[in-house]
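Notes for the one structure printed next.
The values are calculated or read from the model by the stated rules, or taken from the named source; none is laboratory data. Because the structure is predicted, anything quoted here is derived from the model rather than measured. Note that each Cβ is placed from the backbone with ideal geometry, even for glycine, and that neighbours are counted across all protein chains shown. Accessible surface is based on the protein model in full, side chains and every heavy atom, while ligands, DNA and RNA are left aside. Shrake-Rupley method; radii C 1.70, N 1.55, O 1.52, S 1.80 Å.
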Amino acid sequence: MRILPLLLSFLPCASLSAQQVFSYGDDNVLPTVTPQGADHATVAVNSYGDVYVAWQGTWSGNTHMVEGMLMQYTGNDQWEFDANNLHILGDMSLHLISQDESCSKPDVVALPDGSFSVAWHRIDRSGLGLSRLEISRIQVRDAQGNLHTTPVIDRRAIGVGFTADSAIISGFAGIMVDLVDLEDGSVAAVYAHETSSVSQPNGDVHREYDLRLTRIDWDLAPGTPGFISAPVTLVSNLPIDNTLAYPLNGGQVLPDIEIDDNQDLIVAYEEFWLDGHGGVSGQTLGQIVVKRFAGFGAVVPFQLLDTDTFTNHFRRHQRRPNLATSRLDTQNTVSMTWVDDEVVLWKSNSILSRQITYSTPGASTVDNLYWENSVFHEDTHATIVHGPQHQRYTLGARFLINSVKILLGHSTQTDMVVVPTAVTTSKRPAAQLVEFPAGSGQFNLFMCYEGSDSGNPQNFLVHLVVFRVP
């Protein structure tokens, strides 16, 4: 396995008491105000090259705070950040909905004006009350494209975002919001709302979810009519069952959303249906579902146009779908990766990737994308990036004997490379492939990940690195 030849150098991470400058290949450790580590990072890059990373920091157990950090591009292949650009976005200690609440699992997207929108969940962990979806915006530059001295954060208060949906049952799935830039000053959020949970005599649990969609228009003043649209249900009665013998942990449904070349909505999500759910007999089925819906501007918005389903082994959980697309390729395509989660005690997860090409409704085609799974090691936490021509890169974490490495797969076994990271245990990559500067034909891979040398999640911190792509 060769090492990714994109790394230029590793430099020691400077103290955040002063301004920190970095360039290509420098591995940057991002700070957290929480005592038990940081993880679940997401990354977005605007057209100016500014980078925003959002993540959850852990206070104790499953009690989290959502944080974010801005890295400003200052020219000459350099980015800058300091402690003043660390933002507390979702503060669970405010107890706004519950004495047992948590702010977690954020997502971030860049908008055309260079600002960033971040959404997260404020979950009532007791399950006795409703949870909610919150959102904020970070304005980085003025109308002329000049950097603000201090970013402008649009939010209800420090640690509180604007409420995008206040009537969500998080349930077992945990809401798991994903954002997409609609390219008109607004963003759309897709997320899960639990509608049913029924325990079975054998200890299994049958659950159902609605997949909701709402739109936030940042061209309108927060609180004015139309700023946040009423939620729309894209999918109903979505099954996420759980077996007593192999209980799952963490988020479920895990919707991911993109818009295609026609401004239609592409949504991927998980399903797992057990024999007997709803009184129906049949083969237990785990699958990833990818649906294309007519966009907000269509004559009939949200009309279902295409459905594709993906499974590797019917009786296993198909997990963690991730979508990517590009305006720069010649066809209307979207790439997708997911994890095949084996339902056995000695589980060994594997990664699969596909490309979907859309034409007329109902006529999508699917092609395999490359990832070489190991016979001996577990591959998981897959993500994918998508550029013009043949730039389809799958990234994932491989669990080795004494370490966890991030790998990148392209088109052949010789293209399976180890991405250089600064710690022994490197997990959960999130990445964007960006043409930068715009119109240059030069692409950069912006990647964040979580990890530590100890392998103890309480020591995990979020890292950011920028690679030149040949």
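Quick notes on this structure:
- Exactly one residue out of 402, 444 is touching a residue at least 12 places away in the same chain (Cβ under 8 Å) and open to solvent by 30 Å² or more (accessible area, probe 1.4 Å): that is 402.
- Members of the stretch 76-106 that are open to solvent by 20 Å² or more (accessible area, probe 1.4 Å) and within 27 Å of residue 141 (Cα to Cα): 76, 77, 78, 80, 82, 83, 84, 86, 88, 91, 105
- Qualifying residue in the stretch 303-315 (condition: touching a Gly at 6+ places or on another chain (Cβ under 9 Å) and on the phi > 0 side of the Ramachandran plot): no
- Looking across the stretch 187-209, the residues that are surrounded by fewer than 21 Cβ atoms within 10 Å (Cβ to Cβ) and not in a loop (DSSP other than H, G, I, E, B) come down to 195, 196, 197, 198, 199, 205, 206, 208.
- Every listed requirement among (1) at positive phi; (2) touching a residue at least 12 places away in the same chain (Cβ under 8 Å) is met by residue 226 save one, (2).
- Single condition residue 278 does not satisfy, out of (1) of a type in the set (Gly, Ala, Ser); (2) buried (at least 20 other Cβ atoms within 10 Å of the Cβ); (3) at pLDDT below 95: (2)
- Flag for residue 221 being buried (at least 20 other Cβ atoms within 10 Å of the Cβ) and either modelled with pLDDT of 95 or more or under 19 Å from the mean Cα position of the chain (by Cα) (or both): no
- For the stretch 32-59, a residue qualifies if it is assigned to a loop (DSSP other than H, G, I, E, B) and more than 18 Å from residue 456 (Cβ to Cβ), and the qualifying residues are 33, 46, 47, 48, 49, 50.
- Output for the stretch 174-186, where each listed residue is of a type outside the set (A, V, I, L, M, F, W, C), within 16 Å of residue 256 (Cβ to Cβ) and assigned to a loop (DSSP other than H, G, I, E, B): 174
- Residue 224, sole failed condition from (1) assigned to a loop (DSSP other than H, G, I, E, B); (2) of a type in the set (Val, Ile, Thr); (3) under 24 Å from residue 339 (Cβ atoms): (3)
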